[in-house]
Each structure stands twice: as structure tokens, then as C-alpha cells.
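A.B. asks: One structure, pasted below without further comment.
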Amino acid sequence: MTRLHTFRLLPNQDLYDQIQQFVNTHNIQAGVILSAVGSLTHATLRLANRSHYSEFPGPFEIVSMTGTVSVHGSHLHLAISDGEGKTIGGHLVGGCKIYTTAEIVIGELEQVVYRREPCALSGYDELVVKPR
């Protein structure tokens, strides 16, 4: 069974931190981002195959966000576009500040738990799905 959660973020709130706070407050064990639209004044992303974060001054439109969320750790990717329509995307981290709004929809999967555990193949904590 899937439960849906919809919420709105306000100006100056941090996109990643507020999503994780919502997940923690509602004790979401396994969820997926179904929809995310809004705007940012500033973006912080970890780009592909980089160990450091990159900072981007906005404003930006959120054109896509995808990923898995859990009280045990979340993994989110974000695509944003500037006033010229140029788009960039990467791993969402703290530091993305809401400009006017962000409208988020999360689907909660009630039969499983998402955990993050070390993976010898990737060197990162990776998704492990367990029955609830």
C-alpha cells in the first residue's frame, strides 16, 4: 500500500533539510519523490564523479527531482534551470535555498524499509530494501 504526502516549502528554507525533516517527523521508512516544482535563490550540488560540492547563484526553477527518502537516509538528485533555460543537475545536498516556493509530493511505501549500508563495490552507503 502507498500513502501520499504533499507539502510546501517557504522562501529561504533549505530544500534538502526540510525534506529530510518532513521524512523524520512522519517516520517515513521508505518513500519516493513523485513530484517537485518550485524555485531556488541558490543551489548546492555534488556533480557527477566529484568529491566536492559546487555552488550556483540563482535564481533557478526546479525542473525535476527524483530519489528515495527514509528516516535511515535519503538519496536525491535535482535538475534546475536558469533564466536562459540552461539546465544543470546533480546530487542534492544542503544549501539549496527556496526562492518563492517548493511543492513536494512523496509516495510512502508501507511494506518495506529503506536502509543505507556500506557497499564494497561502490565505496558508498547504498540502498538496501528490507521487508517491514
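A.B. asks: Tell me, yes or no, whether the range 27-35 has at least one residue that is among the hydroxyl-bearing types (Ser, Thr, Tyr) and within 14 Å of the chain's Cα centre (by Cα). Quick ask: steps written out before the conclusion?
C.D. replies: We begin by selecting, within the range 27-35, every residue among the hydroxyl-bearing types (Ser, Thr, Tyr); these are 35.
Now narrow it down to the ones that are within 14 Å of the chain's Cα centre (by Cα): 35.
Checked against the condition, which is being among the hydroxyl-bearing types (Ser, Thr, Tyr) and within 14 Å of the chain's Cα centre (by Cα), the range 27-35 yields at least one hit.
A.B. asks: What's the total number of residues in the range 96-112 that are more than 12 Å from the chain's Cα centre (by Cα) and outside any strand (DSSP E or B)?
C.D. replies: The number of residues fulfilling the criteria is 2.
A.B. asks: State whether the residues of the range 94-103 include one that is closer than 14 Å to HIS5 by Cα and among the polar types (S, T, N, Q).
C.D. replies: No, the conditions are met nowhere in the range 94-103.
A.B. asks: One residue is enough: does the range 122-130 have a residue meeting the conditions surrounded by 16 or more Cβ atoms within 10 Å (Cβ to Cβ), among the small types (Gly, Ala, Ser) and under 28 Å from SER51 (Cβ atoms)?
C.D. replies: Taking every residue of the range 122-130 in turn, none turns out to be surrounded by 16 or more Cβ atoms within 10 Å (Cβ to Cβ), among the small types (Gly, Ala, Ser) and under 28 Å from SER51 (Cβ atoms).
A.B. asks: Check LYS97, LYS86 and return the single one that is modelled with pLDDT of 95 or more, farther than 23 Å from ASN27 by Cα and surrounded by 13 or more Cβ atoms within 10 Å (Cβ to Cβ). Before you say what the answer is, go through the steps one by one.
C.D. replies: Details: LYS86 fails: surrounded by 13 or more Cβ atoms within 10 Å (Cβ to Cβ).
Going through LYS97, LYS86 in turn, just one is modelled with pLDDT of 95 or more, farther than 23 Å from ASN27 by Cα and surrounded by 13 or more Cβ atoms within 10 Å (Cβ to Cβ): LYS97.
A.B. asks: Related question: Select, from PHE60, PHE56, PHE22, the only residue that is at pLDDT 95 or above, surrounded by 15 or more Cβ atoms within 10 Å (Cβ to Cβ) and within 14 Å of GLY107 (Cα to Cα).
C.D. replies: PHE22
A.B. asks: Moving to a separate point now. Which condition number in (1) closer than 20 Å to HIS5 by Cα; (2) in contact with a Pro (Cβ under 8 Å, 6 or more places away or on another chain) is the one that THR68 fails?
C.D. replies: (2)
A.B. asks: A further question on this structure: For the range 113-129, enumerate the residues that are of a type in the set (Ser, Thr, Tyr) and not in a strand (DSSP E or B).
C.D. replies: SER122, TYR124
A.B. asks: Continuing with the same structure: In the range 1-38, what residues are part of a strand (DSSP E or B), polar (S, T, N, Q) and within 18 Å of HIS77 (Cβ to Cβ)?
C.D. replies: Result: SER35, single match.
A.B. asks: Here is a list of conditions, (1) in contact with a Gly (Cβ under 9 Å, 6 or more places away or on another chain); (2) farther than 14 Å from HIS72 by Cα; (3) free of Cβ contacts under 8 Å to residues at least 60 places away in the same chain, and LEU121 meets all of them except one; can you say which number that is?
C.D. replies: (1)
A.B. asks: Name the pairs whose Cβ atoms lie under 6 Å apart, with the first residue in the range 61-72 and closer than 13 Å to GLY31 by Cβ and in contact (Cβ under 8 Å) with a residue 24 or more places away in the chain, the second aromatic (Phe, Trp, Tyr) and crowded, with 18+ Cβ neighbours inside 10 Å, and 6 or more positions between them or separate chains?
C.D. replies: The qualifying pairs are THR68/TYR114; SER70/TYR114.
A.B. asks: Now, a different point. From the set of residues in the range 69-83 that are in a strand (DSSP E or B) and either buried (at least 18 other Cβ atoms within 10 Å of the Cβ) or hydrophobic (A, V, I, L, M, F, W, C) (or both), which is nearest to the chain's Cα centre (by Cα)?
C.D. replies: LEU76
A.B. asks: Shifting gears a bit: What residue, among those in the range 84-95 that are in contact (Cβ under 8 Å) with a residue 40 or more places away in the chain and assigned to a strand (DSSP E or B), is nearest to PRO59 (Cα to Cα)?
C.D. replies: It comes out as ILE88.
The values are calculated or read from the model by the stated rules, or taken from the named source; none is laboratory data. Treat the numbers as computed from the prediction; the structure is a model and nothing was measured. Every residue, glycine as well, gets a Cβ built from its backbone with ideal geometry; the counts of neighbours run over all protein chains shown.
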